[in-house]
Structure formats: C-alpha cells, structure tokens
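One structure is given here, and the rest of the page talks about it.
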Amino acid sequence: MLNICKAYSYKMVVLALAGTTLFFGCKADIEMVNALTEQENTPGVSSVNSTMTYTESGIVKIKVFAPKTFYYQFAEEPYSEFPEGIEVYTYTDSMTIESQLTSNYAIYYDKKQLWVARNNVVAMNKKGDILNTEELFWDEAKKEIYSNENVKVTTADGVIFGKGFVSDERFVDWRIKKMSGSFYVDEEN
C-alpha cells in the first residue's frame with residue numbers, strides 16, 4: 001500500500017507541476033502578445049523640432065518641419081506621426097519655394113508612400129492660390145495630392161468652394177471635383 005501511495009503522490013506532483021507550467025506558459029504567451037501589441041503602439045523613435053530634407057541628385061526638393069515626430073517602426077504598417085502638425089515646403093531647382101503646406105496633424109505611411117494632413121490644412125502655390133480643407137492626401141508614388149472633403153480655393157480671381165480636390169504634387173495643375181462659389185472677372189481686360 002505504501003508503494004501505491006508513493007506512486008500516486010508522484011503522479012499528483014507531476015500533474016501539479018504540469019498544470020502550473022501550462023498555467024504560467026499561457027500567462028507568458030499572453031504577456032508576450034500584450035508586449036508585442038504594446039510595442040506596435042509605442043514609438044521606437046521620437047524627436048522634437050525635427051527637419052526632414054528630401055533631395056534629388058543633391059538638390060533640395062522638399063523640407064518638412066515638425067514640432068514633434070513619432071516613428072512607429074514596429075507597427076504592422078510602419079508610420080510616422082506628427083501630432084502637433086507639420087510645415088512642408090517644395091523647392092524649385094534654384095531653391096525658391098514652389099509650394100507650401102501647413103496642418104495641425106499629419107501621418108506618413110512608409111510602405112504606401114502616403115502622407116495624410118488633417119485639421120486646418122492650408123496649402124499655397126507659387127501663384128498665390130490658397131487651398132483650405134480639413135484633410136489632404138499626398139500620394140508620393142502617383143505624385144498627386146487630393147481630398148474628398150470640402151475645400152476652399154482662393155485665387156486672384158475669386159473664391160471657389162467645392163467638395164473634393166485633385167492636383168499634381170506641386171499644386172500647380174489643380175481642379176475641384178464638385179464646385180460652387182463665386183468668381184470675379186475683370187470685364188475691362
């Protein structure tokens with residue numbers, strides 16, 4: 001009877017250890033999943049008052065200024081976030097400003113090469129045309145900017161309101177998808 005009790009005790013100890021290992025093993029897996037999820041939602045790099053300069057053949061084409069930048073390189077789709085907004089300037093080959101943009105918030109998706117500017121977005125081209133909207137996309141691959149939101153474009157000839165906007169990335173050749181508004185035409189010329 002003593003040997004049976006010992007064998008039974010050993011089995012209970014082994015089962016208890018196995019159950020404990022299984023319990024802690026599951027807990028470790030949950031903790032690992034939580035840690036990975038937390039890592040995806042935590043910026044790996046952050047900066048204050050950053051300047052990003054994009055060049056082509058050594059010539060400055062774009063400068064981006066941001067009060068705060070967070071880079072989430074461990075996210076499923078890596079991205080940079082600019083929670084306090086951005087200022088973007090595009091330049092001609094002679095380093096004169098060709099267009100500029102400001103917004104109160106922005107995000108850049110690395111893989112898609114897509115910028116999204118939100119909240120009080122204002123863009124201006126070299127002619128002085130001014131675009132106001134609440135959301136504007138810049139698709140680097142297609143070299144185009146666009147919006148599906150309400151827009152207001154102020155030109156030397158008047159103010160145009162509409163819904164939706166598309167342009168080349170330099171904001172030179174643009175159009176509003178659904179227009180309304182007023183145009184001022186000088187009839188003397």
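The values are calculated or read from the model by the stated rules, or taken from the named source; none is laboratory data. Note that the structure is predicted; figures quoted are calculated from it, not measured. Cβ placement follows ideal geometry from the backbone for every residue including glycine, while neighbour counts extend to all protein chains displayed. SASA here: full protein model, heavy atoms, side chains in, ligands and nucleic acids out. Shrake-Rupley method; radii C 1.70, N 1.55, O 1.52, S 1.80 Å.
In terms of the mean number of neighbouring beta-carbon atoms within 10 Å, the peptides 52-63, 69-80, 86-97 order highest first as 69-80, 86-97, 52-63. Going by accessible surface with a 1.4 Å probe and the largest first, 101, 131 read 101, 131.
The 3J(HN,Hα) values that the Karplus relation (6.51, -1.76, 1.60; θ = phi - 60°) gives for segment 49-65 are, in residue order, 6, 8, 10, 10, 10, 10, 10, 10, 6, x, 9, 5, 10, 9, 10, 10, 10 Hz. Gly and Pro appear as x.
Tell me, what % of the accessible area of segment 132-173 is carbon and sulfur with a 1.4 angstrom probe? Accessible surface attributable to carbon and sulfur in segment 132-173 totals 49 percent. Computed from the Cβ-Cβ distance with R0 of 22 Å, the FRET efficiency linking residue 61 to residue 178 stands at 0.10. Once divided by 2.2 N^0.38 Å, the Cα radius of gyration of segment 55-189 becomes 1.12.
Indicate the gyration tensor shape class of segment 76-119 (rounded, prolate or oblate), computed on the Cα atoms with a ≥ b ≥ c the square roots of the eigenvalues: a/c under 1.5 is rounded; otherwise a/b larger than b/c is prolate and the rest oblate. It comes out oblate by the Cα gyration axes.
Here's how it looks for residue 42: its modeled amide H is under 5 Å from none belonging to a residue 5 or more places away or on a different chain.
When the square roots of the Cα gyration tensor eigenvalues are ordered a ≥ b ≥ c, the ratio a/c for segment 47-101 is 1.5 or more and a/b exceeds b/c, which makes its shape prolate. Rolling a 1.4 Å probe across the protein heavy atoms gives segment 36-143 an accessible surface of 55 Å² per residue.
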